[in-house]
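Take a look at the structure below.
The values are calculated or read from the model by the stated rules, or taken from the named source; none is laboratory data. Computed from a prediction, not measured in an experiment: that's the story for all the values here. Note that we place each Cβ from the backbone using ideal geometry, even for glycine, and neighbour counts take in every protein chain shown. For the accessible areas, the whole protein counts, side chains as well, though only heavy atoms, and no ligand, DNA or RNA atoms are used. Shrake-Rupley method; radii C 1.70, N 1.55, O 1.52, S 1.80 Å.
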Amino acid sequence: MPDDFTATEMMTVAAARALRDGVSCFVGIGLPSAAANLARATHAPNVALIYESGAIGTKPDVLPLSIGDGELSETADTVVSVPEIFRYWLQGGRIDVGFLGAAQIDKFANINTTIIGDYANPKVRLPGAGGAPEIAASAGEVLITLKHSKRAFVEKLDFVTSVGHLDGGDARARAMLPGRGPAAVITDLGILTPDPETKELTLTHRHPGATVEQAQDATGWALKVAHSVAETPAPTAEELTALRDLNARTAAAHRKSEAA
Amino acid sequence: MANITTLREAVGSLIEDGHTIAMEGFTHLIPFAAGHEVVRQGKRDLTVIRMTPDLIYDQLIGMGCVRKMVFSWGGNPGVGSLHRFRDAVEQGWPHRLEIEERSHADMANAYAAGASNLPFAVLRGYVGSDLPRYNENIRTIECPFTGEQLTATPALRPDVAVVHAQQADRAGNVLMWGIVGVQKEAVLAAKAAIVTVEEIVDELDAAPNAVILPHWVVTAVCKVPHGATPAYAQGYYGRDNAFYRAWDTIARDRDMFQDWMRHHIVEAADFADFRNRLRLSTGGEKVHA
């Protein structure tokens, strides 16, 4: 077993493992895109990746830098318009899994990507919603991946951009949301899953080398911890090779496009 | 029939101060050349609509052309922030920017509603999000058949839509392929449409279900090779990722931004001149188009 891997590699591998083979997955850019494409390169060759730019069943050989790179349309089963992707495919109930990143998250996995501070006079203006509010609402379930820190895992969000489990319990069902909501949050320290009853995020796995205390220290609320926290299996040689090859191909392709 | 003309003439005659304009293109086929022309002609007080403002609106905002922006994701894709947008929202520079913030699904539906000549879009959206609390245009409507509460938002109806495409023929029929975003909807939702194209050909070699904008829904067609750069045009050139990264430095500082815009865009005669100036300032050699 390889013993030399980074926390980011572990996070990407753990996030990739969370994606089951054969599902349809609406992919956000950045960390989710890396994880989803690693899944496709390893245990989930039949996953159908869908990007909000309209690419359906896309099989990029390198990671896209933006949500609408040419690589996505060139390797797609079909490319549809943006109204169609949101109307027929997402709202139409064709998406099993939404894979999202976040700037900030709270204990019920609600997401902020809009502002830090007051809306009218923000301290930091973030990019905003994009496709996330409706992905978070309508996908069958949602996977979220982001790095663990007190700035990101906050007691109270300044702004709820995209819905998680609202204030917990059966709040999602009462709000008549079509999807089941966040199923897991994968960080560089471990994996958090919502408590079956309260829906409060609970640390169920810690990655090799990370401790429960580290995860608690990097969380802005009193993080709930499972009775027995499992250690995430370390990346296999196959997973690490696939991830590093993907990153190397991506870097080479972007260097080439810049030299052209 | 579409008027085949220069970009200067099209922007000058169709876009007026105070207009609502939508310059669309989802990462692909972003009409940068047209954005530059709006800057060069010093248009003011515009309401600009775009799902992803990208660098094209960062430039317009920083140059003071924009009064209000309607958008759904305002970042530099793959890089980080749009610094001119952030400076306008956070510090009010060069003046206060009014924003109307929506989601992608909403804006896509609202363009489709505009193209359909409907007053509003209906979607299952925003449940649990704070966005409706800060945008009074996001409202609810009850389904008359089931009683379900749905989201209603106003249709997007720009005065002028501006898009870039790969080809037009001599009558002004427009062909685009690849990621086609919301361009067709934006054009059909607008009162007038300017389309810049990579080339004008004798005959469009298009399959029957290709995305075609017939010449009679397009107001002006302008040939502008490389008119979407630093975005890409499938079949013609790739995305200039290095420029997207360089923009982070250029746009971060107000003075550097203004100097860069003045030298590369405001003082340029046209987009071909801009490309030469950019090439020279990044160590390349001048070429003639």
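Filter the stretch B:204-225 down to residues that are closer than 23 Å to B:Tyr237 by Cβ and not aliphatic (A, V, I, L, M) and give me whichever is most open to solvent (accessible area, probe 1.4 Å). Among them, the one singled out is B:Asp205. Within the stretch B:116-129, residues that are within 10 Å of another protein chain (Cβ to nearest Cβ) and within 28 Å of A:Leu166 (Cα to Cα) reach partners that are of a type in the set (Asp, Glu) and exposed (fewer than 14 other Cβ atoms within 10 Å of the Cβ) with beta carbons closer than 9 Å, at six or more positions or on different chains, in the pairs B:Arg124/B:Glu148.
The number of residues in the stretch A:126-157 that are farther than 22 Å from A:Ala215 by Cα, more than 9 Å from chain B (Cβ to nearest Cβ), assigned to a loop (DSSP other than H, G, I, E, B) and not hydrophobic (A, V, I, L, M, F, W, C) comes to 1.
Considering only residues in the stretch A:79-118 that are more than 8 Å from chain B (Cβ to nearest Cβ) and basic (Lys, Arg), the one that is nearest to A:Glu200 (Cα to Cα) turns out to be A:Lys107. Looking for something among the hydrophobic types (A, V, I, L, M, F, W, C), crowded, with 23+ Cβ neighbours inside 10 Å and out of contact with any Pro (no Cβ under 9 Å at 6 or more places or on another chain) - is there at least one such residue anywhere in the stretch B:245-260? Taking every residue of the stretch B:245-260 in turn, at least one turns out to be among the hydrophobic types (A, V, I, L, M, F, W, C), crowded, with 23+ Cβ neighbours inside 10 Å and out of contact with any Pro (no Cβ under 9 Å at 6 or more places or on another chain). Of the residues A:Thr250, A:Thr232, A:Thr211, the single one that is in contact (Cβ under 8 Å) with a residue 40 or more places away in the chain and away from chain B (no Cβ under 14 Å) is A:Thr232.
Tallying residues that are assigned to a helix (DSSP H, G or I) and either surrounded by fewer than 19 Cβ atoms within 10 Å (Cβ to Cβ) or of a type outside the set (Gly, Ala, Ser) (or both) within the stretch B:63-119 yields 13.
If you check A:Ser33, A:Ser53, A:Ser24 for being more than 13 Å from every other protein chain (Cβ to nearest Cβ) and of a type in the set (Ser, Thr, Tyr), only one passes: A:Ser24. Residue count for the stretch B:40-62, restricted to those that are open to solvent by 10 Å² or more (accessible area, probe 1.4 Å) and assigned to a helix (DSSP H, G or I): 1. Taking the criterion of being touching an Asp or Glu at 6+ places or on another chain (Cβ under 8 Å) and of a type in the set (S, T, N, Q), the residues of the stretch A:146-202 that qualify are A:Thr161, A:Thr202. Take A:Ala102 and decide whether it is open to solvent by 40 Å² or more (accessible area, probe 1.4 Å) and touching a residue at least 40 places away in the same chain (Cβ under 8 Å). It is false that A:Ala102 is open to solvent by 40 Å² or more (accessible area, probe 1.4 Å) and touching a residue at least 40 places away in the same chain (Cβ under 8 Å).
All conditions but one from (1) modelled with pLDDT under 95; (2) surrounded by 14 or more Cβ atoms within 10 Å (Cβ to Cβ) apply to A:Ala251; the one that does not is (2).
Select from the stretch A:192-236 the residues that are of a type in the set (Ser, Thr, Tyr) and open to solvent by 20 Å² or more (accessible area, probe 1.4 Å) and write down the one among them that is nearest to the chain's Cα centre (by Cα).
Restricting to residues being of a type in the set (Ser, Thr, Tyr) and open to solvent by 20 Å² or more (accessible area, probe 1.4 Å), the top hit is A:Thr193.
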